[in-house]
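Chemist: Would you mind keeping the following structure in view while I ask a few things?
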DNA sequence: TGCCCTATCTTGACTTCATCAAAATAGGGA
DNA sequence: TCCCTATTTTGATGAAGTCAAGATAGGGCA
C-alpha cells in the first residue's frame, strides 16, 4: 500500500510534507528530526522544523512510523513498523544497524515477573562495537583499555 | 563494600557530593538528575546542578552507576549495576519497575553476530500498563479504545 | 468546477535537559 | 600542616523538542 492510500485510511490529509517525510525515511531509516528536515528540504525547501516534528509525532502516534532513542542522542525514526526488530548502536562511531528479533515474534522476551504490569512493547537497544571500529581500534591501540564509549554520534 | 571504599578503589576522591548522590540513589533508584539534586539537597543544601551531573556522569562512566533513558523522559540512574536487569515503564503513569532478566545472565539475548557488530550491552525497556492504571482505566472507560499512551510522565 | 471548513503548516517564543569554561574550594598524599 | 590538583560552583551556552496563534491549503460538497 502506498503512503497516500495509508494516510487516507487513517483519516489524515495527504500533504506534501507528510509524503516527503515518509519518502525520505523509506530511503534513510534511523533519522533524527534534524536529518529528516535537511533531507526533506532537498525536495521541499520550505518545510519548517515544527512541521517535521508534527509529522513525526502524528505518524508515530498512529503507527505509520516507529521511533526509538539510543542513549545520548536524539530520537530516531523509521518506517519499518510491522516486524519486531531491534537496534544495535556502535558505541564508537554511532552507526546503527537493524537486528532481527532473535527469539521469534512479539515482545521477543517474556519477563518472568512484571509486578502485574501488562507488557505490550519491548524496546531493545544493543550496544557494541562495529566491525570497522574494531579494526581501526586494533590498528591504533597500543594496549589501552579499549575504545572510549562517549564519542559524539556521527 | 561501602561507597567510600569503592570510590577509593577507583582512584576517585571521596567527596560529600558523591557520597550523598550514592546514598540517595540507593534509597531512590530510577531517579533523574533533577530528582537526585532535590533529594541530595535535603542533606547537603548547597550542591549545584552541575555537580550532580558531574557525579552522575563520572560514576556512570566508571560503572558505579547505571543509566537508562525511557522514551520521552530524562535519563534515570540507579546503583544496581552488577545484575543484568531490565526496566518496565508504565505508559500511562510513568511508573518504573525493575524486571529480572528472563533468559539468565549476560546480554540476555543472543544476536551474537549482527552485521559484524560485537554486542556488549543489551538495554531493554518494556512498555506496558501497570496494574493500578489498568484498574482505573476499567473504572473510567466507557468503551474507548484504551489508555492513551502519550501522557506526561509523572 | 469552485467554495468553504478546518486540518495542517509556519513563525517565533519558550521549556527542559544537558554541556562547556573558568574561578573557587577542598580531598588527601608527603 | 602544606600544597597540588581533582572536584565543585557559578554562569553562559547549546541541543532537542513543545506551545500558541495566525496563515495556508487539503478535500468534501454544492
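Chemist: One residue is enough: does region A:29-40 have a residue meeting the conditions in contact with a helix residue (DSSP H, G or I) (Cβ under 9 Å, 6 or more places away or on another chain), near DNA strand C (Cβ under 10 Å from one of its atoms) and away from chain B (no Cβ under 14 Å)? Full working, then the answer.
Modeler: So in region A:29-40, the residues in contact with a helix residue (DSSP H, G or I) (Cβ under 9 Å, 6 or more places away or on another chain) come out as A:31, A:33-37, A:39-40.
Adding the requirement that they be near DNA strand C (Cβ under 10 Å from one of its atoms) leaves A:37, A:40.
Now restrict to residues that are away from chain B (no Cβ under 14 Å): A:37, A:40.
Looking for residues that are in contact with a helix residue (DSSP H, G or I) (Cβ under 9 Å, 6 or more places away or on another chain), near DNA strand C (Cβ under 10 Å from one of its atoms) and away from chain B (no Cβ under 14 Å), one finds at least one in region A:29-40, hence yes.
Chemist: Quick test of your reading of the structure: residue A:26 fulfils all but one of (1) within 13 Å of DNA strand C (Cβ to nearest atom); (2) within 15 Å of the chain's Cα centre (by Cα). Name the failing condition by number.
Modeler: All conditions are met except number (1).
Chemist: Residue A:23 - would you say it is away from chain B (no Cβ under 14 Å), away from DNA strand D (no atom under 14 Å from the Cβ) and modelled with pLDDT of 95 or more?
Modeler: Details: away from chain B (no Cβ under 14 Å): yes; away from DNA strand D (no atom under 14 Å from the Cβ): yes; modelled with pLDDT of 95 or more: yes.
Yes, satisfied.
Chemist: Taking the conditions exactly as written (within 10 Å of DNA strand C (Cβ to nearest atom) and at pLDDT 95 or above), does residue B:13 satisfy them or not? If you could, list the steps in order and put the result at the bottom.
Modeler: Working: within 10 Å of DNA strand C (Cβ to nearest atom): yes; at pLDDT 95 or above: yes.
Yes, satisfied.
Chemist: Touching a strand residue (DSSP E or B) at 6+ places or on another chain (Cβ under 6 Å), farther than 30 Å from residue B:12 by Cβ and at pLDDT 80 or above: does that describe residue B:130? Talk me through it step by step, then tell me what you get.
Modeler: Values: touching a strand residue (DSSP E or B) at 6+ places or on another chain (Cβ under 6 Å): yes; farther than 30 Å from residue B:12 by Cβ: yes; at pLDDT 80 or above: yes.
For residue B:130, the condition - touching a strand residue (DSSP E or B) at 6+ places or on another chain (Cβ under 6 Å), farther than 30 Å from residue B:12 by Cβ and at pLDDT 80 or above - is met.
Chemist: Any idea which residue in region A:42-52 is nearest to the other protein chains (Cβ to nearest Cβ), counting only those that are surrounded by 14 or more Cβ atoms within 10 Å (Cβ to Cβ) and more than 6 Å from DNA strand C (Cβ to nearest atom)? Give the derivation first.
Modeler: From region A:42-52, those surrounded by 14 or more Cβ atoms within 10 Å (Cβ to Cβ) are A:44, A:47, A:51-52; that's our starting set.
With the extra rule that they be more than 6 Å from DNA strand C (Cβ to nearest atom), the set shrinks to A:44, A:52.
On the way: A:44: 27, A:52: 17 Å.
Once the filter is applied, the top-ranked residue is A:52.
Chemist: In region B:53-67, how many residues are under 14 Å from the mean Cα position of the chain (by Cα) and more than 14 Å from chain A (Cβ to nearest Cβ)? Full working, then the answer.
Modeler: As a first pass, look at region B:53-67 and keep what is under 14 Å from the mean Cα position of the chain (by Cα): B:56-57, B:59-60, B:63-67.
So of that shortlist, the ones also more than 14 Å from chain A (Cβ to nearest Cβ) come out as B:64.
The total comes to 1.
Chemist: Within region A:26-36, can you find the residues that are within 10 Å of DNA strand D (Cβ to nearest atom) and either within 18 Å of residue A:81 (Cβ to Cβ) or surrounded by 14 or more Cβ atoms within 10 Å (Cβ to Cβ) (or both)? Can you show your working first?
Modeler: Residues of region A:26-36 within 10 Å of DNA strand D (Cβ to nearest atom): A:32-36.
Result: A:32, A:33, A:35, A:36.
Chemist: Within 27 Å of residue A:33 (Cα to Cα), within 9 Å of another protein chain (Cβ to nearest Cβ) and modelled with pLDDT of 75 or more: which single residue out of A:88, A:74 fits that description? Step through it out loud before you land on a result.
Modeler: On the way: A:74 fails: within 9 Å of another protein chain (Cβ to nearest Cβ).
Answer to the selection: A:88.
Chemist: While we're here: Please find, among A:44, A:19, the residue that is in a helix (DSSP H, G or I) and farther than 30 Å from residue A:137 by Cβ. Full working, then the answer.
Modeler: Numbers: A:44 fails: in a helix (DSSP H, G or I).
The unique qualifying residue is A:19.
Chemist: List every residue pair whose Cβ atoms sit under 6 Å apart, with the two residues 6 or more apart in sequence or on different chains, where the first one lies in region B:9-24 and is assigned by TED's automatic domain parsing to the domain that holds residue B:62 and the second, anywhere, is near DNA strand C (Cβ under 9 Å from one of its atoms).
Modeler: Filtered contacts from region B:9-24: B:14/B:4; B:14/B:7.
The values are calculated or read from the model by the stated rules, or taken from the named source; none is laboratory data. None of the values given here were measured: they were computed from a predicted structure. Every residue, glycine among them, receives a Cβ derived from its backbone with ideal geometry; neighbour counts consider all protein chains shown.
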